[in-house]
Amino acid sequence: MSVISIIGAQWGDEGKGRIVDYLATDADVVIRYQGGDNAGHTVVNDYGKFALHIVPSGIFNPKAISIVGVGAVVNFDTMEQELKGIPAALHKNLRIDSRAHLIMPYHCLLDGAEESKRSEHDKIGTTKRGIGPCYSDKAARTGIRAGELLNPEALKAHIEKILPKKNRELEYYGLKQFSVDELLQLCKKWKDTFGSRIVDTIPIVRQAVDAGRKIVLEGQLGIMRDLDWGIYPYTTSSNPTSGGAANVSGIAPNNIREIIGVTKAYSTSVGGGPFVAELFDEDGKKLRDIGAEYGATTGRPRRCGWLDAVALDYSSYLNGFTSIAVTRLDVLDSFEKIKVCEAYEIDGEITRYLPDTDGQERAKPIFRTFKGWQCDTTKCRRWDDLPREAQEYVRAIGEYAHCKVSYVSVGPERDQIIIL
Ligand code: GDP
Ligand code: IMO
Ligand code: MG
């Protein structure tokens, strides 16, 4: 049996899509288990360059079954657009679990409106993809699930019941309201396009687990924006942790054999909230310029900083990483000095323990400096090809995460990877 969970170890955009694409080349099943089209998972392979939002990053292996799982929230309009850019032969095995919730047009409008009511300091900086409002309806048990598209009579009754309250919310924000007919037409379109792919995925997943097949679980975002363990309220509305993966992939925790945390060799964050290791100087600008650190979904500039080892230690503990994949080592190639935030100073006290949001807001970073290697690593394919200083830096990252390093990525292409 080989179930591998891929987890974002930081604030998202760590390179999960790139690692999933690599691991999926010989996988039997790939499950995007939570989140929605707030994701931007970049994959670069023989088919081209793709920024995937809701389609699982295993889609480029036509032999694998790609599943959008129970914990995901689905905008079928986004999915339709996305599939147009992927050769049809590749996505014949795409399935959506009938329990996954639908992102409705009103969720997107409400997401934007709620953000606009927040003060500058309080802004979450959501992707405005309707994620929070959709998960809110799920928790309130008023959401619409994908499987309901297959039963138009019951769907009509459900929409008639929930829409008056939704329209009141929209009215409160001065937004466009919806008619039952309008939403039913949209749902019919979604059913016509995707109906045959909406299934109960448990039999597929269970059979693969029982047969010991290779299953890759693809997380969305990273632990620092986890609803429970992240920088609340500047979080998303689902759980990108390994515990969350087990909960919504339909695979019991003890059947998940590997938990790989994906971390950049430095840090980025997009959106609001504390970010202790953030740089406001030339080094921060250089990281953004060399790393082309702009959001794959929104195009927003990402906030850049040195690696935050306090957050990585927390991430590793909570997720139980069996190993980590270090990505974007090559972005550091030209730096003479590289720093790592090893501890925080909070109200005069030094700590290596990650506090909750308000503590992080007061924390100042304490850095350790490493010597840079100042040469090109993008062509390195074996550990021994890496310069000594780069090896030392990667080893140190493994020590901060208390686990082995299984992959070092030195470029966005599928083969730009060192396997340890
Ligand atoms: P995800 O959301 O975790 O899948 O990550 P994103 O796709 O949002 O952001 C990661 C970015 O880094 C993408 O543009 C990838 O193509 C790129 N990338 C991934 N690994 C590497 C690497 O090792 N080096 C470089 N230079 N780019 C990488
Ligand atoms: P991937 O999967 C980086 C951030 C947003 C915002 C907060 C909540 O590509 O790593 P949401 O739209 O989820 O309600 O926004 O989370 N955020 C991301 N940041 N990568 C992502 O996805 C993100 N998805 C959401 O900027 O601060
Ligand atoms: Mg991303």
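Observations
- Cross-link partners for LYS123 among the aspartates and glutamates, with Cα-Cα distance under 17 Å and sequence neighbours closer than 8 places in the same chain left out: ASP111, GLU114, GLU115, ASP226, ASP358, GLU361.
- Whole-Å semi-axes of the ellipsoid equivalent to segment 263-419 (Cα gyration tensor, √5λ, descending): 25, 18, 15
- Lys/Arg +1, Asp/Glu -1 at C-beta; segment 137-274 dipole; positive extreme among LEU221, GLY143, GLY273: LEU221
- Cross-link table LYS92/LYS191; LYS63/LYS188; LYS138/LYS161; LYS49/LYS214, entries beyond 20 Å C-alpha to C-alpha: LYS63/LYS188; LYS49/LYS214
- Largest GNM mean-square fluctuation across THR351, THR377, THR263, computed for the chain with C-alpha springs under 10 Å, falls on THR351.
- Selected from ALA139, ALA343, ALA277 as most flexible by GNM, with the chain as the system and alpha-carbon contacts under 10 Å: ALA139
- Surrounding net charge for VAL310, when Lys and Arg each add one and Asp and Glu each subtract one, Cβ distance under 10 Å: -2
- Mean Cβ count within 10 Å, highest first, over the residues of peptides 40-46, 19-25: 19-25, 40-46
- Taken over the C-alpha atoms, segment 101-195 has Rg and Dmax values of 13.9, 45 angstrom.
- Under 22 Å from LYS285, Cα to Cα: lysines that are on another chain or at least 8 residues apart: LYS264, LYS337, LYS339, LYS364, LYS371
- LYS165/GLU392 FRET efficiency (R0 56 Å; Cβ-Cβ; nearest 0.05): 0.45
- Summing charges over all other residues whose Cβ lies under 14 Å from the Cβ of LYS165, with Lys and Arg as +1 and Asp and Glu as -1, gives 0.
- Ellipsoid semi-axes for the chain, based on the Cα gyration tensor and the rule √(5λ), read 36, 26, 18 Å when sorted largest first.
- Taking amide H as placed 1.01 Å from N in the peptide plane, the amide H of GLY222 sits under 5 Å from that of GLY12, each at least 5 places away or on another chain.
- Gaussian network model of the chain, Cα within-10 Å springs - most flexible of GLU336, GLU293, GLU345: GLU336
- Residue-averaged 222 nm ellipticity for the chain, from DSSP H runs of 4+ at -39500 (n - 2.57), nearest 500: -9500 deg cm²/dmol
- ³J(HN,Hα), Karplus 6.51/-1.76/1.60, whole Hz, each residue of segment 284-289, x for Gly, Pro: x, 5, 5, 4, 5, 5
- Dimensionless Rg over Rh [segment 45-104; C-alpha; Kirkwood]: 0.95
No lab work stands behind these numbers, since they all come straight from the coordinates. In this text, all values refer to a predicted model and were calculated from it rather than measured experimentally. When we count neighbours, we look across all protein chains shown, and the Cβ atoms used for this are built from the backbone with ideal geometry, even at glycine.
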